[in-house]
Each structure stands twice: as C-alpha cells, then as structure tokens.
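Asks: Sharing a structure below in structure tokens format, with a few things to ask.
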Amino acid sequence: MRADPVEQPGSSAGEGDRRAPAAGAHARGLAGAGEPLVQVRDLVKHFPLTRGIVMQRRIGAVRAVDGVSFDVHRGETLGLVGETGCGKSTTAKLIMRLLDPTAGEVRFDGRDITRLRGARLKAVRREMQIVFQDPYSSLNPRKTVGSIIAEPYAIHSLKRSKGERKRAVQALMETVGLNPEHYNRYPHEFSGGQRQRIGVARALAVKPKLLIADEPVSALDVSIQAQVLNLLSEMQRRFGLTLVFIAHDLSVVRHMCDRVAVMYLGKIVEIGPAEAIYDFPRHPYTGALLSAVPVADPTASRRPRPLLSGDLPSPANPPEACRFHTRCPKAQERCALEEPPLEDKGRGARAACHFPLTREELAAIGVRSAR
C-alpha cells in the first residue's frame, strides 16, 4: 500500500523543530519574530577577467554581486527581481554554496556556511534545495524520472532499500501532480510543465527548510505557468517551506511574494513588503520596472511611458556612486559623486536613492497603484 503522499515528504518524528508554523502570506506577521532562516551580509562575487592562453594575467573582474545584504524570514517568500545580468541567479547560487563568495557572509539557520567544506557542507545542502530555470537541461536525459527523484536519497544515504525509495518517489510524484505509474519514463516523454514538477519533487525529497526557485516558469507556456506557481504555493503551505523566488515578471512576483528585493548591477536598490513596493515604489528603477508592466486598460496603454535611457552598463565597469545614475531621469550631480545608502523610506521599505519618487511622479509614468 502506497504511503500517504501528504505525510511522506512532510514532517516526521523529530521534524517539528525544523518547520515554520506558518508560510506564505502568514509570514508578514512573522517578519520580526525570531532569528531569520537566511542572513546575507555584504555578499560579494567577482568573476576574474583574464587575457592570454598560457600566461594568463588578470585584467579586471565582472562584479556580479557587489555588497548585497538581506534576511529571509522563516516561512516567508522573498522575491528577487531585476533585469537580466543584475546578479539574481548568482546571489541564489552563493546562498546555495554552488559558488564560493569573494567576500561577505551567508548564515543559514544561525550558522555561517560561507567556508564550510566536505561533510559539514553536505549536511547543510540537505536543508536547502533549488528548482532551476530550464526544466529541459536540469534533468539528466539518460536517467528515468524515478532515479532522478531518488538521487537525493542516495546522495544523503536516506531510504536505503530500493522498495522504500520507490514508494517514497511515487508518493512525491503524486504529491506534485504526476502519475506515479510514470516512474520508469524518461524526461523527454514529459512536457515542460511536467518536467518542472519533477524538479520540484526532487527538491522536496530531502525535506528542505529553504527552497530557491530560480525563474521556474520563464521557460514555460503561459497556460502552464499558473499551474507551476500554484504548485509552489501549495507545497510551501503544506510543508512550511521558506521560499526565495527569482523572476522577471513583476505581476507573478506580486502574486507569490511577501517581500520583494529589487536588484540593479549587483546591488539591492530597494527592498520591503510587497504592498509597499508595488503601491508606492521609491526608487526610480523600481518605478520604471512597474511602469513597464502591461495593464489591461486601453486608455492606460495610450499614456506616454518614459523608457530607461541608455544601455545597461557593463558589470565589469559599473558607474561610480549610484550605479543607476547614468540611466535615471532624476539624476543630479550628487548621484555621480555619492553612493546612496539603503535607507528607510516608510511602510517597512528601504531604498538606495538620494531623490526618491513622489506620488505625482509615479502617476505620471503610469504606476496607478500609488497611494
């Protein structure tokens, strides 16, 4: 008899200490309670640029992440948004320790994991998992779905017997909306949405505390995106997960996230509760992103909307002081000389801007939710 799909990947005896009592929208009330699950402090990742083949010499560095600090509270969903190349995925990989940071600190569940190695790092990785962006390249085409989902059990020496693993995998497949009878099928026999469900099942196998979803729906059809988003929300509620959600689609982020962090050229320029960010964004870059969100209103679509001037600067040579000043319509001399700190702008939100947006300016660029 198959195990109950609800109980198998959820809490078991001894698991009560590692689960948050609430998730999703309830995390707003927990935002100040206790120690955050993830604490990122002054995180830096520079990728060296070299010249030469035999005798290589360093000529610079790509400053992918350059001094990022934030917390992720237990049970909440934190959204990371920004243009391509701003450092969102690199930040996620640094938290997961898939990349070693150049500087800074990542604390997970009160422990500094920045310099862990070997068995200690392996133990921490059991408690944090990631769902990758591309559901096609993230699954091994030579392995069956059953062996893909069961691989975390083998890596972490869990459920040693083949029968126990098979029952656990089939329960997970049923939990994420897959047919357990497809246990022996290969990834090419599934659609994109089904493959992403396989990725979610693989991530849930080891009962993680933290799940990072790195643009999990950007490669899927619009009709399938809602199904995967609803699946992630359901899994978060059922298993008390803490979720870091990376996306480009700001309407999706508003639907999914309790708090939002906006990144630009390796730095966080604004962070706060989703309601504050969407109702009254203070940073001009956040306002520009929101003004570009399509609105189902024909009269609103005819409004002139200012576009960001210029191209995105190279992360190998970012502008001095405020990195957004070369494209900002409000930039003044101070912006090119002094880097703005990430300061409280009200309603729990912080923004790094010397001249934050006003309600009148937001209304002029078509951000109609400001109030």
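Asks: Which residues, taken from segment 323-356, are outside any loop (DSSP other than H, G, I, E, B) and either surrounded by fewer than 16 Cβ atoms within 10 Å (Cβ to Cβ) or among the β-branched types (Val, Ile, Thr) (or both)?
Replies: Answer for segment 323-356, where residues must be outside any loop (DSSP other than H, G, I, E, B) and either surrounded by fewer than 16 Cβ atoms within 10 Å (Cβ to Cβ) or among the β-branched types (Val, Ile, Thr) (or both): GLU333, ARG334, ALA336, LEU337, GLU343, ASP344, GLY346.
Asks: Moving on to the next point. Going residue by residue through segment 256-279, is there one that turns out to be at pLDDT below 95, of a type in the set (Phe, Trp, Tyr) and either closer than 20 Å to ARG359 by Cβ or part of a loop (DSSP other than H, G, I, E, B) (or both)?
Replies: yes
Asks: Which residues, counting only those in segment 67-119, are over 14 Å from VAL244 (Cα atoms), of a type in the set (S, T, N, Q) and assigned to a strand (DSSP E or B)?
Replies: The answer is SER69, and nothing else.
Asks: Something else about it: Looking only at segment 145-190, count every residue that is closer than 22 Å to LYS122 by Cα and either in contact with a Leu (Cβ under 7 Å, 6 or more places away or on another chain) or in a helix (DSSP H, G or I) (or both) and tell me the total.
Replies: Number satisfying all stated conditions: 12.
Asks: Taking the residues in segment 43-96 that are among the hydroxyl-bearing types (Ser, Thr, Tyr) and out of contact with any Cys (no Cβ under 7 Å at 6 or more places or on another chain) as candidates, determine which candidate is farthest from TYR278 (Cα to Cα).
Replies: THR50
The values are calculated or read from the model by the stated rules, or taken from the named source; none is laboratory data. The model shown is predicted, which means the values in this text are computed figures rather than measured ones. Every residue, glycine as well, gets a Cβ built from its backbone with ideal geometry; the counts of neighbours run over all protein chains shown.
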